[in-house]
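See structure below.
Every read-out reported here was derived from the displayed coordinates using simple, explicitly stated rules and does not represent laboratory data. If you're wondering where the values come from, they're calculated on a predicted model, not measured in any experiment. All Cβ positions, glycine included, derive from the backbone under ideal geometry; neighbour counts span all protein chains shown.
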Amino acid sequence: MLAGVAILAALIFLSVFYGTTKIPFRDIIGAMSTGLGLTDAEPTPMHRIVFELRLPRALFSAIIGAGLGIVGVVLQTTTRNDLADPFLFGLSAGAAAGAVFVITVTGDVLGIWTLPLAAFCGGIVASLSVLALVHNLRSSAPEKLILAGLAVSFLFAALTNYLIFAGDSRAAHSIVFWMLGGLGLSRWETLPLVLFGLVLILGYASFRRRWLDALLAGDAAAVSLGVPVTRLRISMFLVAALATATFVSVAGVIGFIGLMVPHLARGIVGALHTPLIPTAAIIGAMLLTASDIVSRLVLAPQEIPVGIVTTSLGAIFVFVLLFSTKRREMR
């Protein structure tokens, strides 16, 4: 844990230091001092780059990465599916549809909060649709939850594609960049939103960590230990949906973080959730912060969507996971 926190702090500093414009270390310290009110110097353009753009972006990447890592842990445990992540259940598709609707139809009617609020509402509508579908099926079994999530995901993806096709073609670039994930909307004004998502999923997962441990032995064993499996599964999904909606509403669709991080964390501390949850949070924060640095440097001065980096890493990770599983079965 201490090593992870130290590495994360170093990555956050590198995220502030590196970008399309390289800033000397002395100027970074001066800009930080001015922004925190430690000096009486007047704000400069360098201060605005460091304190108003790069620092919140680095914090957002750490917070969102940590949150997505924890969401992946609880979803994989509650569905007993090692490939479950926030984007398997239609959460990101609903948020994307809400954001694209604003970009192509309404515009920024509420200023800077328009896009985050629209994406948040889209994610909530998608999650409620999944829960309503599961309720009508009168079953909360993991496979039913996954199938309902896939159905809702395809529905909202079709709606998003229709909005892109029918909307203003001049907005296509911003739509594609947002759907592939990016941290360009990171501002101090929207920091409370993503902090709320992280505190929500971290607090609830930690509170129910013993019940999550019981689920590892199967539904029957969990029920025998007094765990209300159906209620736990639905409540965990709803909390994960709320948290994911807050992250997607600011950063767009960033895939595979929630899939990779739980496997990496379990490989370090095991499957029990008391050490697993904070470990997944730190690994997720490190992974997304490092991916954001790569997204700004690989084609500098042009920035690529961070979702391209995480998706590439995720594809490699799935290949490695499949081949390692095959080797274990051959033994």
Problem - Taking all pairs of distinct alpha-carbon atoms in the chain, Kirkwood radius in angstrom - result: 20.5
Completion exercise
GNM of the chain, Cα pairs under 10 angstrom: of SER206, SER153, SER224, the biggest fluctuation goes to SER224
Fill in the blank from the handout: Fewest-first ordering of VAL125, VAL223, VAL250, VAL109 by Cβ atoms within 10 Å yields VAL109, VAL223, VAL125, VAL250
Fill in the blank from the handout: Correct semi-axes for the range 44-129, from √(5λ) of the alpha-carbon gyration tensor and rounded to whole Å with the largest first, are 28, 22, 7
Exercise for the section: Give the residue from PHE89, LEU155, LEU198 lying farthest towards the positive end of the charge dipole for the range 2-330; charges sit on Cβ (+1 for Lys and Arg, -1 for Asp and Glu) and the dipole is referred to the Cα centre. Expected result: PHE89
Problem - Helix-only CD estimate at 222 nm, as mean residue ellipticity for the chain, using -39500 (n - 2.57) per DSSP H run (n ≥ 4) - result: -24000 deg cm²/dmol
Problem - Top of ILE63, ILE257, ILE49 by mean-square fluctuation, Gaussian network on the chain, Cα under 10 Å - result: ILE49
Fill in the blank from the handout: Which of THR311, THR21, THR190 fluctuates most in a GNM of the chain (C-alpha springs under 10 Å)? That residue is THR21
Exercise for the section: Please work out the Kirkwood hydrodynamic radius for the range 183-331, using every pair of different C-alpha atoms, and report it in angstroms with one decimal place. Expected result: 17.3
Problem - Normalised contact order of the chain, rounded percent, pairs of Cα under 8 Å and 6 or more residues apart - result: 29
Practice task
Mind putting a number on the dipole of the range 164-322 about its Cα centre? Charges go on the C-beta only, +1 for Lys and Arg and -1 for Asp and Glu, and I need it in Debye to the nearest 20.
Solution key: 340
Problem - Nearest-0.05 FRET efficiency for ALA166 and MET1, computed from C-beta distance (R0 41 Å) - result: 0.25
